[in-house]
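Visitor: Below you'll find the structure I mean.
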Amino acid sequence: DGLFGGCVSGCSDESAENYNADADIVDDSLCEYALVQGCMDASACNYDSAAEQDNGSCAYPEEGFDCEGNCASGDAVTINMIDSYGDGGGSVTVGSVTATNSGASSATTACVDLSECNAVDYESTDTWSYENSWTITDASGAVLASGGDEDGLFGGCVSGCSDESAENYNADADI
């Protein structure tokens with residue numbers, strides 16, 4: 001029962017990448033298996049514990065957010081920008097998030113500590129700043145602060161006199 005002439009040796013395992021149905025001489029030590037591809041970074045949103053080789057597909061949350069889009073710390077607020085003419089303009093910065101408006105309106109999420117006093121910094125980006133306004137709303141949609149082409153404050157702000165020479169001076173006053 002000897003084989004001779006034109007014999008083909010190869011892998012007989014159908015799950016192998018190099019399976020050879022025509023193999024006359026079976027040598028499964030030649031079988032090659034694909035590594036399971038996926039994201040191998042445990043800090044990524046799409047981490048795959050079964051992955052054997054990183055395929056570059058890892059996806060990460062936006063800075064300050066978790067993989068579900070929730071604030072990693074603090075409370076979510078929405079910066080709503082409105083342009084009454086509808087041609088866009090203005091920007092508002094809350095913490096490290098800057099929201100700009102290029103149309104009639106826009107909404108941007110920021111994470112802040114609502115127990116602290118938070119500044120709203122408005123900046124005009126066109127000549128018609130009087131067309132621009134903004135609101136800051138919490139997760140339930142309640143308006144925490146609003147303004148036109150001006151700065152503002154919201155959160156745990158303390159009202160009081162900030163004039164150091166006054167008898168009723170309050171060193172903790174924000175507004």
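Visitor: Here are the criteria: (1) under 20 Å from the mean Cα position of the chain (by Cα); (2) aliphatic (A, V, I, L, M); (3) open to solvent by less than 50 Å² (accessible area, probe 1.4 Å). Tell me which single one Ala16 does not satisfy.
Guide: For Ala16, the failing item is (1).
Visitor: Could you check how many residues of the stretch 51-60 are assigned to a loop (DSSP other than H, G, I, E, B), at negative phi and either in contact with a Gly (Cβ under 7 Å, 6 or more places away or on another chain) or not aliphatic (A, V, I, L, M) (or both)?
Guide: Result for the stretch 51-60: 6.
Visitor: Same structure again: Please verify whether Val112 is within 20 Å of Gly147 (Cα to Cα) and hydrophobic (A, V, I, L, M, F, W, C), treating the condition exactly as stated.
Guide: Here the answer is yes, as Val112 does meet what is asked.
Results for (1) in contact with a strand residue (DSSP E or B) (Cβ under 7 Å, 6 or more places away or on another chain); (2) among the acidic types (Asp, Glu); (3) exposed (fewer than 14 other Cβ atoms within 10 Å of the Cβ), shown as yes or no for each residue.
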| position | (1), (2), (3) |
| --- | --- |
| Gly74 | yes, no, no |
| Asp83 | yes, yes, no |
| Cys111 | yes, no, no |
| Ala139 | yes, no, yes |
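Visitor: Just to verify a result, which residue in the stretch 93-109, among those that are closer than 22 Å to Gly64 by Cβ and out of contact with any Phe, Trp or Tyr (no Cβ under 9 Å at 6 or more places or on another chain), is most open to solvent (accessible area, probe 1.4 Å)?
Guide: By that ranking, first place goes to Ser96.
Visitor: Would you tally the residues in the stretch 141-175 being among the aliphatic types (A, V, I, L, M) and open to solvent by 80 Å² or more (accessible area, probe 1.4 Å)?
Guide: Count: 2.
Visitor: In addition: Among all residue pairs at least 6 apart or on different chains, which show Cβ distances below 8 Å where the first residue, located in the stretch 82-111, is free of Cβ contacts under 8 Å to residues at least 24 places away in the same chain and within 13 Å of Thr125 (Cα to Cα) and the second is part of a strand (DSSP E or B) and acidic (Asp, Glu)?
Guide: Gly103/Asp83
Visitor: Next up: Of all the residues that make up the stretch 19-41, how many are open to solvent by 80 Å² or more (accessible area, probe 1.4 Å), modelled with pLDDT of 90 or more and closer than 30 Å to Gly69 by Cα?
Guide: Counting residues in the stretch 19-41 that are open to solvent by 80 Å² or more (accessible area, probe 1.4 Å), modelled with pLDDT of 90 or more and closer than 30 Å to Gly69 by Cα gives 1.
Visitor: Exactly one condition in (1) at pLDDT 90 or above; (2) closer than 20 Å to Gly74 by Cβ is not met by Val158; state its number.
Guide: (1)
Visitor: Follow-up question, since we're still on this one. Among the residues of the stretch 113-137, which ones are farther than 16 Å from Asp174 by Cα, touching a residue at least 40 places away in the same chain (Cβ under 8 Å) and open to solvent by 70 Å² or more (accessible area, probe 1.4 Å)?
Guide: Once the filter is applied, which keeps residues that are farther than 16 Å from Asp174 by Cα, touching a residue at least 40 places away in the same chain (Cβ under 8 Å) and open to solvent by 70 Å² or more (accessible area, probe 1.4 Å), the stretch 113-137 yields only Trp128.
The values are calculated or read from the model by the stated rules, or taken from the named source; none is laboratory data. From a predicted model like this one, the values you see are computed outputs, not experimental measurements. Please note: Cβ atoms are built from the backbone with ideal geometry, for glycine as well, and neighbour counts cover all protein chains shown. The accessibility values were calculated without ligands, DNA or RNA, using every heavy atom of the protein model including side chains. Shrake-Rupley method; radii C 1.70, N 1.55, O 1.52, S 1.80 Å.
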